[in-house]
1. As an exercise: evaluate E380 against (1) assigned to a strand (DSSP E or B); (2) touching an Asp or Glu at 6+ places or on another chain (Cβ under 8 Å) and give the number of the one condition it does not meet.
2. Scan the stretch 143-176 residue by residue and report those that are part of a strand (DSSP E or B) and within 16 Å of the ligand (Cβ to nearest atom).
3. Sort out which residues of the stretch 401-452 are assigned to a strand (DSSP E or B) and of a type in the set (D, E, K, R), and write them in order of number.
4. Let me spell it out: the conditions are (1) under 26 Å from the mean Cα position of the chain (by Cα); (2) modelled with pLDDT of 65 or more, and A18 meets all of them except one. Which number is the exception?
5. Take D76 and tell me if it is buried (at least 18 other Cβ atoms within 10 Å of the Cβ) and at pLDDT 95 or above.
6. Please find, among M196, M181, the residue that is modelled with pLDDT under 95 and within 20 Å of N144 (Cβ to Cβ).
7. Given the conditions (1) out of contact with any Gly (no Cβ under 9 Å at 6 or more places or on another chain); (2) within 16 Å of the ligand (Cβ to nearest atom); (3) of a type in the set (D, E), which single one is not true for E436?
8. If G67 passes every condition in (1) on the phi > 0 side of the Ramachandran plot; (2) at pLDDT 95 or above but one, which one does it miss?
Amino acid sequence: MAELTTSPTAATGAANPATSSTTASPAPGFRSLTEESEVEALPLEGELPAWLAGSLIRTGPALWEAGEHPMRHWFDGFAMLHRFSFDQGSVSYASRFLETRAYRAARERGKLAYPEFATDPCRSLFQRVSSAFTPKLTDNPNVNLTRLGERFVAMTETPIPVEFDPETLAAAGVAWKVPGMLTTAHPHRDRASGGMLNYAVKLGPRSSYRFFLVRPEATEPEVIGSVGVREPAYMHSFGLTERWLVLAEFPFVVNPLKLALGGRPYIENYHWKPSLGTRFTLVDRATGEATGPFETDPFFCFHHVNAYEDGDEVVVDLCAYPDAGIVEDLYLDRLRAGKPITKPELRRFRVAPAAGTVAHERLVEEPLELPRINYSRASERRYRYVWGTGAGETGWIDRIVRADLERRETTVWSEDGCYPGEPVFVAAPDAEGEDEGVLLSVVLDGRTEGSFLLVLDAASLDELGRAQAPNRIPFGFHGQFARG
Ligand SMILES: [Fe+2]
């Protein structure tokens, strides 16, 4: 049975129903899936809202081998798209590997052809030297996807966003140019143009972070602003307010020359240098001028949650870790062995540019990751609700968390042996409240080694329904809901 708890002090252990002696392991979520599926109507328990029409499309790694060669890290696997479509209370499902250059080459050769996040192809010395001058970049978009105008695009952190057909899930070429070598798979929507804001790292003797806008039909980016950097930080996302692009540079940094010549897998070129602290830089969206950096204690994060201006201060909410050890926690040998991951905390920073100060506080006790908000309503503005995944005593993601930032209170959904993914918020039509709508989450059921799509009321976390997928779905990262 699923359980719900509400608690301002969940970390005390008073509200942790997820553990019991029967708890099944999350390990099946890290096993490769080779089959692609198409099912017209999934077996459904419960009743979905009549207004829920459209598709949840998600990406994530599904295959962690190239031929007989295993990959090493959760972030390495070949991308599969999963689509759950909702129509008049029924749910269909389709899944398909993205036929990218990296995926095709690995299938043809029986080994990896392009370096992934933490796994390199086997290469001769000559190949290593030549690749330093003409780096081969993977186009394996297993991290996130976005809709820009009529285009659907899957992304990773290389500058090769891959367009795909939302009906067939077939890859359809490179979507736009990225002005740099590294980028994020977490762009923001630009409310004014309907375009997409992101940043990229230009590597070279003089490296820089370049912020850019891609308009809905464009393939060429417009560079908005640039900030010079000697050793770029690994930043998986960034913040956005009505005035500022917000960069939080964690002291997990890379020497660009070593990245080119080091001969190590991509992420293993980054080093934790806590003496640098974490530095916030604000880039004016209108002028491109940078303010800062404003230094604070070292920490690491993957995901910004939201940011907004509050008088003279810029509020920046994110999921913080004490250091970059979480990247090491996510190697597959550790995950498959059941080693617990570091728990992130929902933290609020207040950057005061005039005073040059940065203050921070923890918002709720419950750990929170893979954050989602009501973007169309709350992004760049003062807001109240965050949904995400949490981790209890199983050591892995084993719950869905709703955080009320006004009351500093959390509500938790959990079910024994179940491991949910990112909960995507879908607002009800004509919703009045910020939290009026549903959450959609793909859950791995460790008891049956299957997966189901869970639909929760976003305000109460009460279950509305669940649709059984035809196969186990490996743990993925992010997805988006496209209204029908
Ligand atoms: Fe992410």
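1. Here E380 clears every test but (1).
2. Kept after step one, since they are part of a strand (DSSP E or B), are these residues of the stretch 143-176: 144-148, 151-155, 162-164, 171-174.
The answer is N144, L145, T146, V153, A154, M155.
3. From the stretch 401-452, those assigned to a strand (DSSP E or B) are 401-404, 409-415, 418-420, 424-427, 437-445, 450-452; that's our starting set.
Within the stretch 401-452, R402, D404, E409, E415, D445 qualify.
4. So A18 meets the others, but not (2).
5. Numbers: buried (at least 18 other Cβ atoms within 10 Å of the Cβ): yes; at pLDDT 95 or above: yes.
Yes: the conditions hold for D76.
6. On the way: M196 fails: modelled with pLDDT under 95.
It is M181.
7. (2)
8. Of (1) on the phi > 0 side of the Ramachandran plot; (2) at pLDDT 95 or above, only one is false for G67: (2).
The values are calculated or read from the model by the stated rules, or taken from the named source; none is laboratory data. Everything quoted here is computed from the prediction, not taken from an experiment. Note: ideal-geometry Cβ built from the backbone for every residue, glycine included; neighbour counts use all protein chains shown.
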